[in-house]
Every structure is written in structure tokens, then in C-alpha cells.
Amino acid sequence: MRAKLVSVVLSVLFSLPTLAQKANTDSIKAEMNKIELTNPAMKQTIDKYKKGVVKGDAESMNLLGVECVSGKNVKANLSMGLNLLDASAKMDNVDAQFNLGNYFYIFWLNKPENDGYFSQGAKWLKKAVKAGDTRAITMLARFYNDYGKYKKETSYVDGSIKLLESYPKIDEVNNKDDNVLNAQAWLGTICLGKWRMDNDTVALRDAKKWYRLLLKSDLQFPNYSQYIDSLHAVLCMGVPMRIDPMPSAEEIEKSKNGGGMGGFPGMGGGFGGFGGGFPGGGMPGGAPGGAPGGAQQGPRPAQATFPGGTFQMQQFIRSNTNYPENLKNQKINGEATVSFTIDTDGSIINPTVTRNAEVFIMDKEALRTIMIMPDWIPAEQDGVPVQAQHTANVSFGSGGGMGGFGGGFGF
């Protein structure tokens, strides 16, 4: 019903002259008198907008146009609102161009078979992008993506990705600008959608890259918690997805010689035990991986290595775990254990919380911390890369205790 109404109104709209074409002030005043106020508290503001429209002020046209379309403070009048926005947009008002593009996007979502809505919306959003409006970059990218999925044309999806990749500071970790974070989130989502459309593994790797970058932000749970789930889904696809360059041979050797004992006591947002302790095999005397009576058991397990070695992994977990302020203020402590696999290319796959903390938020945060780790140096057996299992204990508050020995000892 709504789509039908929009279609009828727009057909009337395009048959009317725009306000920019009206010949005299009296005619414009008569049009303004048709706008009915519904919120008396806004009378002074609405009257100011009307006077600005009569004087030909583009910003007044934009603001009053939004009021007419939304029906928030005046009686909804879609044709009047769109005429006002159209006149303002043609006077190069960027906000009006963005608003028109946004409204046509909504119209198209209600009636996607109408290509006219798409062409009108894309036209105005492209003008806003050209004028430097970063909001329009994200909006147009979403429009292209949805249109491409509807038409089953990947060229539009590719265009949406290219647009978002042009967003200022898109390649940086951002803790303050929600617009950048939103653009990174959309890039991850669109790339993941492209992989689902045509099994493009490059798109899947890109989804991992953008989600991981987004989740490096220190914004706290529940902000972007849905993208924790999205990245988890990506890493459980079973597709090797290394996105970090492999360290040099010298760095690899240094990392492998830097393995040490696991886990300082957990502090605020710190860490407990971790996978990848000693690079050696089983311990004698009944320790994990050791045979009863002190006899050493079998060949040592394959060992993947965190870039820079074990101490660097400890530091990474310590500095990248966000201890939620509400839990910290209530002195609620906890620890979650995450198990994961280092694939043959060094990427983390199949991360799973195998021991829950007292609070669900801690489990989510522990999972996020492990998933944003850089790619590892893969394990090898007889010179051939193999998968290796690891675990990490992520602690919140005091009392994390000594860490486990993770993948270093067989268990």
C-alpha cells in the first residue's frame, strides 16, 4: 500500500512545476500557506523556513522539505516536500541532494522493480559525493549493493565496495568517528555478501580484513557486537584467509626462539594462560603431554608461532582486551578460554569459547580479542605447513593466575 502511494505521489510530482520555476512571490507564498503546522511549539521555526523559501534560500527549502516529507512538525505533504528538496538540490545544496537520494532509496526499497527510483536516487547521491559529502558515500554504496543483489549484477556490488574504499581514513583503526566505523562495517558486510553470491574467496578475505579492522576499535560491548558474530562466521568458513604479510625468515627464527612460559596473572583487561607456550614436546612426570612415570611420549606436536614470539602474544592480549566499564566499576572479575586453530597459511580459524566466564559479555570480548590477532607463523612438520591447535585464557580483573601451556605441550 505504501509503495503504491509513493508511486502515485511521485507521478504527480514530476508533472508539477518546481518551486524554482515559479514566476512570482505571491505564488510561492500561496504554496507555503498550504503547509499545515501540527506542532505549535515549532511555529516560529517553520515560519522562518517559509520566509526563507520565499526569498529563495536553498537551506530553508531543504529544511522545510524534510519537515513536509517526515510529517514531524507539519502535516505530511510528500509532493510539496520533494518539490522543495528538488529546488534546493538544483541550487547545489548538498544536504538536499543527500536527502533526496536517501528518500529515493527508501522509495526503491518499497518498489525495487521501479528503476526510476534507483536512477533518481543514484543521481542525487553521486552529486553529493562529488561535493564531498561522506555520508553520501556510504548511502550510495548501500544503494548500489542492494540494487546489484536485486538485479543479480555483481558490477554494482563491486561499485559499492570501490566507493566505500574511497572513504577518508577507511584503512585506519578509529575510536571516535562513527561514520568511519559504519563505513568499515558496511565494507565487511558487503564483501561477505559478495562471497555468498558467487563464492569469491577474495571477497571473503576482504570481509575478514574490514571486520577485523572495525573490531580493533576500543569501543565497548555491546557496540558492534553483531560484527563480532559476523567475523566469527567468516573465520569458521574453513577457507584459508591470511591477510598479513608473512614475516621474514629472520623474524620467524626469532619468534620461534622466543617462546616462553604462559600467562601473567590477569589484570584489568589482561590475560591468563595462552596457547603456544614452550616450543618443546611433552613434559615428564605426568605433566600435560607427558607419559606416566616420567617417560616422554611420542613426537612433539607441531607448533605455530605468534609473530614476535610468546611474549608479544601476551602483550597483544593485554593491550587489546577491553574490560567493560560497567563490570569494572562493579569489580566483577572473570576469565574465558578460547580455543582456535592456526591454519596452514597462519590464519586463525574456528575460534570457540570452550570455557565460559561468569558474564556473557566477557565471552564475547574474549572471542573478539582472539579474532583480531594478526596472522601467525604456521606450524610445520617435515617442512610442510600443518594446522595447529591453541587455546588462550582471557582474564578480566584480578586473579587470572598462571597461564596454561596451550599448544606448546601436547594435550
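The values are calculated or read from the model by the stated rules, or taken from the named source; none is laboratory data. Everything numeric here is computed off the predicted structure, so don't read it as measured data. So basically every Cβ, Gly included, is an ideal-geometry build from the backbone, and we count neighbours across all protein chains shown. Remember, those area values only see protein heavy atoms, side chains included, never the ligands or the DNA or RNA. Shrake-Rupley method; radii C 1.70, N 1.55, O 1.52, S 1.80 Å.
Restricting the search to the range 95-117, which residues are over 26 Å from the mean Cα position of the chain (by Cα), open to solvent by 10 Å² or more (accessible area, probe 1.4 Å) and of a type in the set (A, V, I, L, M)?
none
Scan the range 68-119 residue by residue and report those that are closer than 19 Å to LYS130 by Cβ and either among the basic types (Lys, Arg) or modelled with pLDDT under 95 (or both).
If the condition is that a residue be closer than 19 Å to LYS130 by Cβ and either among the basic types (Lys, Arg) or modelled with pLDDT under 95 (or both), then LYS90 is the only one that fits.
Looking at GLY52, GLY56, GLY65, which one is open to solvent by less than 50 Å² (accessible area, probe 1.4 Å), modelled with pLDDT under 95 and either within 17 Å of ASN93 (Cβ to Cβ) or in a helix (DSSP H, G or I) (or both)?
None of the others qualify; the one that does is GLY56.
Could you identify the single residue in ASN73, ASN83 that is of a type in the set (S, T, N, Q), without any contact (Cβ under 8 Å) to a residue 60 or more places away in the chain, farther than 22 Å from LYS162 by Cα and surrounded by 15 or more Cβ atoms within 10 Å (Cβ to Cβ)? Walk me through it before giving the result.
On the way: ASN83 fails: without any contact (Cβ under 8 Å) to a residue 60 or more places away in the chain.
Only one candidate passes the filter, namely ASN73.
Looking only at the range 198-217, filter to residues that are surrounded by fewer than 14 Cβ atoms within 10 Å (Cβ to Cβ) and not polar (S, T, N, Q); which one of those is farthest from GLU172 (Cα to Cα)?
Once the filter is applied, the top-ranked residue is ASP198.
In the range 166-197, how many residues are assigned to a loop (DSSP other than H, G, I, E, B) and open to solvent by 10 Å² or more (accessible area, probe 1.4 Å)?
The number of residues fulfilling the criteria is 11.
Identify the residue in the range 340-372 that is within 24 Å of the chain's Cα centre (by Cα) and of a type in the set (Ser, Thr, Tyr) and, among all such residues, is surrounded by the most Cβ atoms within 10 Å (Cβ to Cβ).
So the residue we want is THR369.
Is it the case that SER217 is modelled with pLDDT of 90 or more and part of a helix (DSSP H, G or I)?
no
Would you mind stating whether TYR49 is free of Cβ contacts under 8 Å to residues at least 24 places away in the same chain and in contact with a helix residue (DSSP H, G or I) (Cβ under 7 Å, 6 or more places away or on another chain)?
Working: free of Cβ contacts under 8 Å to residues at least 24 places away in the same chain: yes; in contact with a helix residue (DSSP H, G or I) (Cβ under 7 Å, 6 or more places away or on another chain): yes.
Yes: the conditions hold for TYR49.
Residues of the range 165-181 being polar (S, T, N, Q) and at pLDDT 95 or above, which ones? Spell out how you get there, then give the answer.
Looking only at the range 165-181, we keep the residues that are polar (S, T, N, Q), and these are 166, 174-175, 179.
Of everything in the range 165-181, just one residue is polar (S, T, N, Q) and at pLDDT 95 or above, namely SER166.
Among the residues of the range 300-321, what is the count of those that are modelled with pLDDT under 90, under 14 Å from GLY397 (Cα atoms) and assigned to a loop (DSSP other than H, G, I, E, B)?
0
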